[in-house]
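Worksheet: one structure, shown below.
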Amino acid sequence: MPTISPASGVVLALLANFSWITAQSDYQWPAYRPLEYATPVPNPTTTSTFALPYAQLSGLIDPRSTTTWDSPDSTPTDHGIEYGNAALSSLWAPIPVSSPPFTSTVSPTPIPSSELIKPPPLPIAPTLSSNDSLKFPTNFQWGFAGAALQIEGATKNEGRGPSAWENRMRGNFSSSGENAGPPDIATMNYYLYKQDIARLAAVGVQSYSFSISWSRIVPFGTAGSPINKEAIDHYNDLIDTVISYGMKPVVTLYHFDTPATLQSNTSFFSYDHPDFIDSFVYYAQTVLVHYSDRVGTWYTFNEPTIEPSISGSWVTSRYVLEAHAKVVRWYRDVIKGDALWSMKFDLTDTGFALPLDPSNASDVAAAVRRNEFTVGYFARPLFLGENPPQSMVETVGDKVPTYTDEELEFFNGTADFFAFDIYTATYHSEPEGGFTACAANPENALYPQCTVPSRTRGLWEANFQGNPDRIAVPAEHVRAMLGFWQATYPTKGGITIAEFGLPAYKAANMSTQHIQNDLAQSNFYVPILAEVLKAINLDGIHVKGLYGWSFLDNWEWGQYNDKYGVQGFNATTQERFYKRAIFDYAGFIQDHMEE
């Protein structure tokens, strides 16, 4: 037997007092839940075609000059050339722009398997029904969305012209709150798009909804001005990359990036500029002859219901409707493609209007009236071939446009499905004295909508609290929204939730580990997905698809404080990381998809 040193003897004596250490060594630990990994999108075996290829479509438009411009760091010498380097440089002259950290497309790298481990189950799972076998149909489209000006960065590179938004702000974002700043660098998606698409495909995301930048395709904006070859090539490869990973591209033609040359002082988004319609059609036709063969879903306009003034979008709706209808009818009549078309409606003002008491007729009338003022002036001409709601016409007169029978026929049917963004909801009731008295009195504080909004029912908010000043509609009311839109504006193509999302509270102040594991977005997304599943299976509502906002934290119109993304990124290195919400969102749909 070996000799025990005095020190060892002390240790043994101490251990003798803790006999439970030896006793516990016999405990049989249960096996942990096996680690699960995200299921990637399968490699494509076939590709869908929606129109003839560019080689056969290019002759359908008038000849257009295609060119490239010098690096923004170069000194132009071609003064006097209408659309030369000096002319483009002069458009940027009043706008300070930060140079991007790199200026070439980055090749994708494989996503490490360690990043693809699914998180543990949510602490509280949504209740579907007594029948947990509810399924999304096989043709259900789902994914995440982004928008060019919010994600691309490289705003001055490869021939892009400034947008009216950038020209208005001119680098001054002091009023945009915390983490304010310009879109100059953003997420650098313009050069990192291959990696971003690879990351979405790696976790099984089916579709990627993105916008094409008008200011990149046509830097000078107007009809007849040159087309940017580098931009054409960029989006051509972006679409090909999406398809090569087995995903579906969904494309928006306009997402708030009107070229600065079309800036108007009477419409924030310049819809009423005298050259807006013709220039938009010129741009859209250029895009369509290049990409129509590979894109099956198009949006003309994102959220045309948004204008800073209360009546701005009513007045400018005429120009948006005309531009939209011209593009869609040209696509159908000339390109003869098979893609589906719509525009995305944002529920501005107080969000989707719910009756305070759905059994109270006046509350129901208030909700209907409020939704008419929010969306009806666009939706009725598009889906019903009818003029804006009588409630609006009687209240605000010619501030809301009305149309001839010929115009209504031109607009009607140019949207194949109803698309809207879910962000907020509010309860509504009839004002004291009634709707008629309020509508006749412009001095009434509730005029012209003339409903009484309330964010609470009982003690509780109608919305899910996100970042300060950002609220999001809870799952409780999603089926009612979908049912209302289907009953009010029925279409063969059904309904798409084009955007819905939540920025977690104070996420900008969280560590990477904290924001990756935060439950707020998952607790927002998954119950809504469950309610959509019920709407499809139990209510018979034709929901075509849905898209989370956003696939990545991004520039939120003046600031980076609202972290809507299901991925985050390091602003210094541009390195991305998944948040648990992307796994919970994708996993729920995959678990409930028809085989």
Inset, instruction - Return only the number of the condition from (1) assigned to a loop (DSSP other than H, G, I, E, B); (2) touching an Asp or Glu at 6+ places or on another chain (Cβ under 7 Å); (3) surrounded by fewer than 21 Cβ atoms within 10 Å (Cβ to Cβ) that Ser267 does not satisfy. - result: (3)
Inset, instruction - Kindly state which helices (runs of 4 or more DSSP H) lie completely within region 464-548 and contain at least 3 residues that are crowded, with 20+ Cβ neighbours inside 10 Å and touching a Leu at 6+ places or on another chain (Cβ under 9 Å). - result: 520-538
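Does Val287 satisfy being buried (at least 20 other Cβ atoms within 10 Å of the Cβ) and among the β-branched types (Val, Ile, Thr)?
When the stated conditions are applied, Val287 passes them.
Condition check ((1) of a type outside the set (A, V, I, L, M, F, W, C); (2) at pLDDT 95 or above; (3) in contact with a Phe, Trp or Tyr (Cβ under 9 Å, 6 or more places away or on another chain)) across all residues:
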residue	(1), (2), (3)
Pro183	yes, yes, yes
Gln206	yes, yes, yes
Arg216	yes, yes, yes
Gly221	yes, yes, yes
Gly224	yes, yes, yes
Asn228	yes, yes, yes
His234	yes, yes, yes
Leu238	no, yes, yes
Gly246	yes, yes, no
Inset, instruction - Identify, by number, the condition in (1) farther than 19 Å from Gly376 by Cβ; (2) in contact (Cβ under 8 Å) with a residue 40 or more places away in the chain that Glu461 doesn't meet. - result: (2)
Legend entry - Unique residue being touching a residue at least 12 places away in the same chain (Cβ under 8 Å) and farther than 25 Å from Ala223 by Cα when the list is Ala145, Ala154, Ala87: Ala145
Legend entry - Flag for Pro53 being of a type outside the set (Asp, Glu) and exposed (fewer than 11 other Cβ atoms within 10 Å of the Cβ): no
Inset, instruction - Within region 271-279, identify whether any single residue is within 23 Å of the chain's Cα centre (by Cα) and either more than 14 Å from Phe220 (Cα to Cα) or among the aromatic types (Phe, Trp, Tyr) (or both), and answer yes or no. - result: yes
Inset, instruction - Could you check Ser244 against (1) touching a helix residue (DSSP H, G or I) at 6+ places or on another chain (Cβ under 9 Å); (2) within 21 Å of Phe144 (Cα to Cα); (3) crowded, with 20+ Cβ neighbours inside 10 Å and say which number it fails? - result: (3)
Inset, instruction - May I ask you to list pairs of residues, at least six apart or on different chains, whose Cβ atoms are under 6 Å apart, with the first in region 465-481 being over 12 Å from Gln521 (Cα atoms) and the second being part of a helix (DSSP H, G or I) and among the acidic types (Asp, Glu)? - result: Ala475/Glu531; Val478/Glu531; Arg479/Glu531
Legend entry - Tyr447 vs. criteria aromatic (Phe, Trp, Tyr) and either over 29 Å from the mean Cα position of the chain (by Cα) or farther than 30 Å from Lys563 by Cβ (or both): yes
Legend entry - Candidates Thr3, Thr47, Thr39, filtered to the one that is assigned to a loop (DSSP other than H, G, I, E, B), modelled with pLDDT under 95 and surrounded by 10 or more Cβ atoms within 10 Å (Cβ to Cβ): Thr47
Legend entry - Residues of region 67-77 classified as surrounded by 12 or more Cβ atoms within 10 Å (Cβ to Cβ) and of a type in the set (Val, Ile, Thr), total: 2
Inset, instruction - May I ask you to verify whether Ala201 is in a loop (DSSP other than H, G, I, E, B), within 27 Å of Leu529 (Cα to Cα) and small (Gly, Ala, Ser)? - result: no
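The values are calculated or read from the model by the stated rules, or taken from the named source; none is laboratory data. These numbers come from a predicted model, not from an experiment. With ideal geometry, Cβ positions are generated from the backbone for all residues, glycine too; neighbour counts draw on all protein chains shown.
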